[in-house]
Amino acid sequence: MKGGRVRIVRFTHRRNPDPRPTRTKRHLSFDDSPGLSTFALAGRARSAPASSSNASELEVPVYPRHSRRLGWATRGLTLLLTLLVADIASAQGVPTAPAFLSLDEALELARLHNPGFMAAQNDRGVADWGVRAAYGQLLPSASASGSVGWQGTGSQRIGNLTFQDLGVGDQPNYYSSSYSLGLNYNINGAVFYGLSQAKAAREQTEASINQARVDLDTRVTLSYLDVLRQKEAVELTGQQLERARFNLRLVEGQAQVGTATGLAVNQAEVQVGRAEVALIQAENAVATATYRLLQTLGLRPSPAVALTTDFDVASPTWTAPQLLDIALNNNPLLRTRRLGRNVARDGVGSARSAYFPSLSLGLGWSGFTRQASNTDFLIAQGQASAVGGFSSCQSTNELYSRLADPLPALDCSRFAFTEADRAQIIAGNDVFPFNFLQSPPSASLTVSVPIFQGFTRQRQLESAQAQLDDSEYLLREQEIALQADVAIGLSQLQTAFRSVELEQRNQSYADEQLRLALEQYRVGLIPFVDLVEAETVKAQADRDLLNAIYAYHDALTNLEAVVGESLRDR
């Protein structure tokens, strides 16, 4: 009701030796204090608050909670399977679920252990290194290389002659080594655009991770609510079973005194059987919802996890323009597409830079060694060279002596092969592997101006421009879809809140109808069929109210996913 506060609180069921149903007060307090109408649905058991002086209370009959004797075989099998799955998960290093779990704790655990979200977070490291690599393109590149070689013994060929033809024996084994150092610096337009593009890509990756986080939070919240929904359904089904059993005892008592027929007893037994089946199915739905929640969290399956978060149903006070403004700033998918447009824009600049000149600067240093395995060959070469020089010197002196005006004779002793020459050859051969003979350093500067490359650059530019246009269209599409999603989400939330109010009223009518039907049946004013029909109406009203409450929470969770932030505390 408008202007008041309505809070639905849990109640405690206790066994009563009296076969008649115990009436327990279920407080539906209508607070006259100003503010929004609120229904509170607890995620854990709690006592009813004390009524205030300005609050009016409505008492409706509530029957004690069902006993837990039913379905022990099914629950035992479920527990056994759970422990088996838990042992397998423990062997694989899957963390264990806590005994008590709030929604905030569930969200934190999901962000830490959900494999899909962890995989999405791995992209952050790749994007960071992409930015570092783009910065690295602004720095010169350095390279170093080295080599080691070996040449076997044998006779080498010089043209059509061999060393043996020249009077030189086979050469020995040769060992060689070399090194090369290079420093290169390349700069062009693609380098600068690449840095901007890498930064934009990193921001887009962060937005994608945030989108994955919002999606995960939505799935966790919906799964959390589903567990609460199924637990509430178990309580309602248990109450229906207790009422069916009470009705059966009541009919059996009347049948003994002749005021009820055997057909009425059979109908009551059928109602008990149906309630027992419904209870088993409801308990299985709780286990299934719990396992799905823990699966989403990335935790080991657990048969019993107590959920501790309370959820309130409040009248939505936001307007569509307010929510749209929030969504335009926080919607993760919209933000991702905006950053994708920035990446595409930098891609166009990078493709256009292919028409710009490029500059390249290079510096190089190198050296080498070559050492024979046996110095006898080198000494023989030195001796042969000395003999040849001495013979040539003598021939020159002979020629000088025959001139009309003889020239002074040359000193041929300087061509004699000495021990010093031998020692020098041996020392000069000891160079492998690191006594390098340095080569002259080199430097180069190159300016390249592209002229024609077979339309490749234009094709790349057109492709980049098409990607930019596509990103603009996708961004516009998302903005339009966001406006529709906000309007639809708000409408669904308002409808869900109104449905809760109406279902609350319907439940009150159904409670009163069941109370009257029970009293009339006790005094014989109506047949048992009418009591069963009132019981059916009551059960349907309870289920409808439960579904309406959780439909509200589902609608609010989906709206939070659209706007990109929590609305429950606003």
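If the label point is 7 Å along Cα→Cβ of Ala409, which residues in region 384-403 have backbone nitrogen under 19 Å from it?
Backbone N within reach: 387-403.
Can you tell me the FRET efficiency between Arg498 and Arg274 if r is taken as the Cβ-Cβ distance and R0 is 35 Å, rounded to the nearest 0.05?
0.65
Once the piece of chain linking Ala304 and Phe434 is laid out straight, how much longer is it, given 0.36 nm per residue of separation minus the C-alpha distance between them?
Going from the current span to full extension adds 39.5 nm.
How much length is gained on full extension from Arg459 to Ala99, taking 0.36 nm per residue of separation minus their Cα-Cα distance?
Difference between extended and current length: 123.5 nm.
Treat each spin label as a single point 7 Å out from the Cα along the C-beta direction, and report the Asp325 to Asn266 distance in nm.
Distance between label points: 6.9 nm.
Give the average over all directions of the projected area of the C-alpha convex hull of region 470-567, one decimal, in nm².
One quarter of the hull surface, i.e. the mean projection, equals 7.9 nm².
Please work out, to two decimal places, the log10 of the ratio I(q)/I(0) at q = 0.25 Å⁻¹ from a Debye calculation in which every Cα of region 421-479 carries one identical scatterer.
Values returned for q = 0.25 Å⁻¹ are -1.03.
Quick check on packing: order 133-142, 465-474 by the mean number of other C-beta atoms within 10 Å, highest mean leading.
In descending order of packing, they fall as 465-474, 133-142.
Using r as the Cβ-Cβ distance of Asn284 and Val257, and R0 as 51 Å, what FRET efficiency do you calculate, to the nearest 0.05?
Calculated value: 0.80.
Test of understanding: what is the full-extension gain from Phe368 to Arg292, defined as 0.36 nm times their sequence separation minus their Cα-Cα distance?
Here the segment from Phe368 to Arg292 would lengthen by 20.4 nm.
Distance from a point 7 Å along Cα→Cβ of Val529 to each backbone N in region 257-280: keep the residues under 12 Å and list them by number.
So the set is 264.
Show me 378-387, 322-331, 292-301 ranked by packing, highest mean number of other Cβ atoms within 10 Å first.
Ranking, from highest mean packing down: 292-301, 322-331, 378-387.
Stokes-Einstein at 20 °C, 1.002 mPa s, Kirkwood radius from Cα pairs: D for region 221-364 in µm² s⁻¹?
The calculation lands on 97 µm²/s.
Largest first, what is the accessible-area ranking of Thr153, Thr319 with a 1.4 Å probe?
Reading off the accessible areas and sorting them downward yields Thr153, Thr319.
Between Gln513 and Ser444, what is the label-point separation in nm under the 7 Å Cα-to-beta-carbon projection?
9.4
In region 346-368, whose amide N lies under 16 Å from the spot 7 Å out along Cα-to-Cβ of Gln151? List them in ranges.
Once the point is set 7 Å along Cα→Cβ of Gln151, 368 turn out to lie under 16 Å by backbone N, inside region 346-368.
Between Ala384 and Ile451, take the C-beta separation as r, use R0 = 60 Å, and let me know the FRET efficiency to the nearest 0.05.
Computed FRET efficiency for Ala384 and Ile451 comes out at 0.55.
Note down the nm distance, to one decimal, between modelled labels 7 Å out along Cα→Cβ at Arg505 and at Ser176.
10.2
Using a 1.4 Å probe and counting only protein heavy atoms, arrange Ile480, Ile425 so the residue with the most accessible area comes first.
If we order Ile480, Ile425 from most to least accessible, we get Ile480, Ile425.
As a test of reading the structure, rank His113, His553 by solvent-accessible area (1.4 Å probe, protein chains only), most first.
Result of the area sort, largest leading: His113, His553.
The values are calculated or read from the model by the stated rules, or taken from the named source; none is laboratory data. All figures in this text were calculated on a predicted structure; none of them were measured in a lab. Cβ sites come from the backbone with ideal geometry, for glycine too, and all protein chains shown count toward neighbours. Areas reflect the complete protein model, heavy atoms only, side chains present, ligands, DNA and RNA absent. Shrake-Rupley method; radii C 1.70, N 1.55, O 1.52, S 1.80 Å.
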